Amino acid sequence: GNGYFTYDPGFVSTAACESKITYIDGNAGILLHGGYPIEQLAEQSDYLETCYLLLYGKLPNSTEKETFVNKVRMHTMVNDQMSTFFKGFRRDAHPMAIMCGVVGALSAFYHDSLDIADEKHREISAIRLIAKMPTLAAMTYKYTIGQPFMYPQNHLSYSENFLHMMFGNPCEPSNVNPVLAKAMDTIFLLHADHEQNASTSTVRLAGSTGANPFACISAGIAALWGPSHGGANEAVLNMLEEIGDESNVDACVARAKDKNDPFRLMGFGHRVYKNFDPRAKVMKQVADEVLGELGIDDPLLKVAKRLEQIALEDPYFVEKKLYPNVDFYSGIILKAIGIPTSMFTVIFALGRTPGWIAHWSEMHASASRIGRPRQLYTGPEQRDFVKLEDRD
Ligand code: SDX
């Protein structure tokens, strides 16, 4: 078929992990979306175009792109009742706790009018989620700082609109720095999809039961929150701040190598990449460019570069094939954009939404069955019940 909204007889899903969307070669450090290298997409494409590529399996022509961008624009607002959900949270709630709640709450507005078997319903769900995640993410941030929610401004581009809703306020005209908007767009693009990672597998497993897409994405957000996964970008910044300056880097590396110390170098290592994560390379370039253009001399960037240099030369890390991953440099850029550390994983969730929903759609476009991971039983053999009085 022409994407994941129509059944493709040639595509029979034999396992949850069979997919046409993204290809990773962990040893070579290769990441392709629809066959296109992530480096080329980051350099020449933009986030919404990459969303289209993930959903339809091809790059849009100019008419298709304009239609898709306009469709997303028409769905950036959320039902006004959604703002009520925020009031139940403490102002200092972790933004990911709020996002799990409010994204799941979208189900309450659409699930009864949603026929998952209908490709058009799957398509509009994907567009609604891509369109509304920035609005909900910005509302989450505004709620935690006690400022009024900002409405989306649809004359702005997707990433400009997000930064407007994050940092704009009703008293000032919208004024988004194009350098930051471009960096934001690249960060979203670099997070867009990553094959069968933990949160995407969560979305697919939840989706395999027929659960509505909004609830499935909320499950993906929950899985992403963990510090071993998307929560690592927040943990990296906290680690870099704890290190403080380059003189403390050696001690930090020593701790990461100490088997008795649970400390791990956050932003290093990967389940699949045993080479450089290609996204980390692009992130590093963007960090240099953005801080250079803004004239920001962030000591944490120097600490990060020193840490990377030592780790890449240290036999422990070389032998275990531990390289910087997507989370290692992203926080430096997000900090330069003005996004607080507590919102970093929300940014990851926003960026990953098209990947999650593309996998969900792909699964429903094929004759998939409910997910049922097998287990290796290691418990006791069958035995008879023992009465309470007979137990020792
Ligand atoms: C993401 O799957 C995806 O694609 C995820 C993701 C995506 O886009 O969806 O790429 C996003 O989640 C990136 C990863 C972010 N997480 C972190 O940066 C947290 C720190 N990294 C580690 O927790 C760890 O590397 C994991 C969780 C990422 C991977 O876990 P593994 O596969 O169990 O660890 P590994 O195979 O990479 O480790 C091999 C060895 C182990 O030692 P041994 O048991 O062999 O003695 O290296 C050690 C690990 O203990 N090790 C580390 C380390 N990471 C692994 N030692 C020190 N510091 C680290 N960061």
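The values are calculated or read from the model by the stated rules, or taken from the named source; none is laboratory data. Since this is a predicted model, take the numbers as computed values, not measurements. Cβ atoms come from the backbone with ideal geometry, glycine included; neighbour counts cover every protein chain shown. With ligands, DNA and RNA removed, areas are computed over all heavy atoms of the protein, side chains included. Shrake-Rupley method; radii C 1.70, N 1.55, O 1.52, S 1.80 Å.
Once you charge only the Cβ atoms, +1 for Lys and Arg and -1 for Asp and Glu, what is the size of the charge dipole of the chain about its Cα centre, to the nearest 20 debye?
680
Say R0 is 41 Å: what FRET efficiency, to the nearest 0.05, do ALA254 and GLN147 get from their beta-carbon distance?
0.45
Expressed as a rounded percentage, what relative contact order does the chain have, with Cα pairs under 8 Å and six or more residues apart?
Value for the chain: 26 percent.
What does the C-alpha gyration tensor say about the overall shape of segment 210-341? Classify as rounded when a/c is under 1.5, otherwise prolate if a/b is larger than b/c, or oblate.
oblate
Calculate the spin-label point distance for THR63 paired with VAL386, positioning each point 7 Å from the Cα along the beta-carbon direction, and give it in nanometres.
7.6
Could you sort the peptides 124-131, 187-194 by per-residue average Cβ neighbour count (10 Å cutoff), highest mean leading?
187-194, 124-131
Expressed as a whole percentage, what fraction of the accessible surface of the chain belongs to carbon and sulfur atoms when a 1.4 Å probe is rolled over the protein heavy atoms?
Here it works out to 52 percent.
Take every Cα-Cα pair in the chain and report what % of them are more than 35 Å apart.
28
Rank MET150, SER199, VAL386 by how far each Cα sits towards the positive end of the charge dipole of the chain (+1 on Lys, Arg Cβ; -1 on Asp, Glu Cβ) and give me just the farthest.
VAL386
Among PHE328, VAL282, TRP360, which residue has its Cα positioned farthest towards the positive end of the charge dipole of segment 265-392, with +1 placed on the Cβ of Lys and Arg, -1 on the Cβ of Asp and Glu, and the dipole taken about the Cα centre?
Working it through, the farthest residue towards the positive pole turns out to be TRP360.
Run lengths n ≥ 4 of DSSP H only: what is the helix-derived mean residue ellipticity at 222 nm for the chain, with -39500 (n - 2.57) per run over all residues, to the nearest 500?
The helix contribution divided over the chain gives -16500 deg cm²/dmol.
Relative contact order of segment 134-238: what whole-number percent is it, with Cα pairs under 8 angstrom and at least 6 residues apart?
Worked out over segment 134-238, it gives 16 percent.
Give me the distance between the Cα centres of segment 171-202 and segment 47-109, rounded to whole Å.
That distance is 12 Å.
Mind checking the dipole of segment 102-169: about its Cα centre, +1 per Lys or Arg Cβ, -1 per Asp or Glu Cβ, Debye to the nearest 20?
Charge dipole of segment 102-169: 260 debye, to the nearest 20.
Grab the other residues whose beta carbon is less than 11 angstrom from that of PHE344, score K and R as +1, D and E as -1, and report the net.
Result for the neighbourhood of PHE344: -1.
Set the Förster distance to 45 Å, then compute FRET efficiency between SER83 and GLN375 from the Cβ-Cβ distance, nearest 0.05.
For SER83 and GLN375, the calculated efficiency is 0.55.
Given R₀ = 25 Å, FRET efficiency for LEU114-ALA367 by Cβ-Cβ distance, to 0.05?
Once the sixth-power term is evaluated, E becomes 0.80.
Check which residues have an amide H placed less than 5 Å from ILE30's amide H, if you skip close sequence neighbours.
Here the answer is ASP25, since their amide H atoms fall under 5 Å of that of ILE30.
Over segment 242-364, calculate the relative contact order: mean separation of alpha carbon pairs under 8 Å at least 6 apart, over the residue count, as a percent.
33
Per residue, how much accessible surface does segment 51-194 expose to a 1.4 Å probe? Answer in Å², no decimals.
It amounts to 43 Å² per residue over segment 51-194.
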